[in-house]
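Quick notes on the structure that follows.
The values are calculated or read from the model by the stated rules, or taken from the named source; none is laboratory data. Values in this document were obtained by computation on a predicted structure and should not be read as measured data. With ideal geometry, Cβ positions are generated from the backbone for all residues, glycine too; neighbour counts draw on all protein chains shown. The area values use the complete protein model at the heavy-atom level, side chains included, leaving out ligands, DNA and RNA. Shrake-Rupley method; radii C 1.70, N 1.55, O 1.52, S 1.80 Å.
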Amino acid sequence: MDPAIANPAGAATVGARLTPDDRRRHLLEVARVIVEKNGVGALSMESVAAEAGVSRGLVYTYFSNRTGLVDALWHEIEPLWNVEAMPPHEQLLGSRSLRELFDDRVVSNTRWFFDQVESCGLLFHRLQSEPVLESSIAEVRKRVEQDNIEWWARLVEAMGVEKERALVFSALVNAPSHVMWSLIARGQASREAIETVFFLTCRAGLDQLLAADDAIALK
């Protein structure tokens, strides 16, 4: 790999000959480092040029302006969040019980989510404060959250929880995701610690809810 691509530091690119595609990629990597390290407010055509060790005019060759640079960063990570809605739980059940499916999906979905966080979570987190991306990020978040809430509510209802309570429980289970990935992105908590607490909380919460609904049913 070209050292200029592997290391976005400006010194590595001085005098380097890069293809147009590699040069654009390198400038995006430099922009990503700036945003992850100092926040999106530190991103400018000038800061990218300085860090990359190139002229500002060269940056404008690949990106029309700062907005174009920000959009390019967003498009780099957006596909990671364009996930299809999960199929109905009946199709996933197989020979498992509903409870086994619940436990399996809590683990697999959460680990997939954290895989995305480790791949681009800090950049995603930083870009949220960029006004030009506000509607795009809100749209992605709303779609993913709504699909998840509806899916989990149907599963929990199928397990015997009253419909309204199942919806509330599902919303509560899905709500902490932004806080959790923020903790990881900021280095405030390890993935292992967050996964352990989250898995235990989901399972214990479901147990208590099922017990409460059973008690109501017996009255």
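Brief remarks on what is shown
- Search result, residues across segment 91-128 that are open to solvent by less than 20 Å² (accessible area, probe 1.4 Å) and at pLDDT 80 or above: 101, 102, 106, 110, 114, 123, 124, 127
- Residue count for segment 36-55 under the criterion of being charged (D, E, K, R), surrounded by 15 or more Cβ atoms within 10 Å (Cβ to Cβ) and modelled with pLDDT under 95: the result is 1.
- Here residue 129 fulfils each of the conditions (1) part of a loop (DSSP other than H, G, I, E, B); (2) over 18 Å from the mean Cα position of the chain (by Cα) apart from (2).
- Comparison of 173, 161 shows that the only residue that is within 27 Å of residue 127 (Cβ to Cβ) and open to solvent by less than 30 Å² (accessible area, probe 1.4 Å) is 173.
- Counted residues, segment 60-80 - those being free of Cβ contacts under 8 Å to residues at least 24 places away in the same chain and either touching a Gly at 6+ places or on another chain (Cβ under 8 Å) or of a type outside the set (S, T, N, Q) (or both): 5
- Test: residue in segment 73-85 that is in contact with a Cys (Cβ under 9 Å, 6 or more places away or on another chain) and buried (at least 16 other Cβ atoms within 10 Å of the Cβ): yes
- In the set (1) touching a Lys or Arg at 6+ places or on another chain (Cβ under 9 Å); (2) closer than 30 Å to residue 193 by Cα; (3) of a type outside the set (Val, Ile, Thr), the condition left unmet by residue 101 is number (1).
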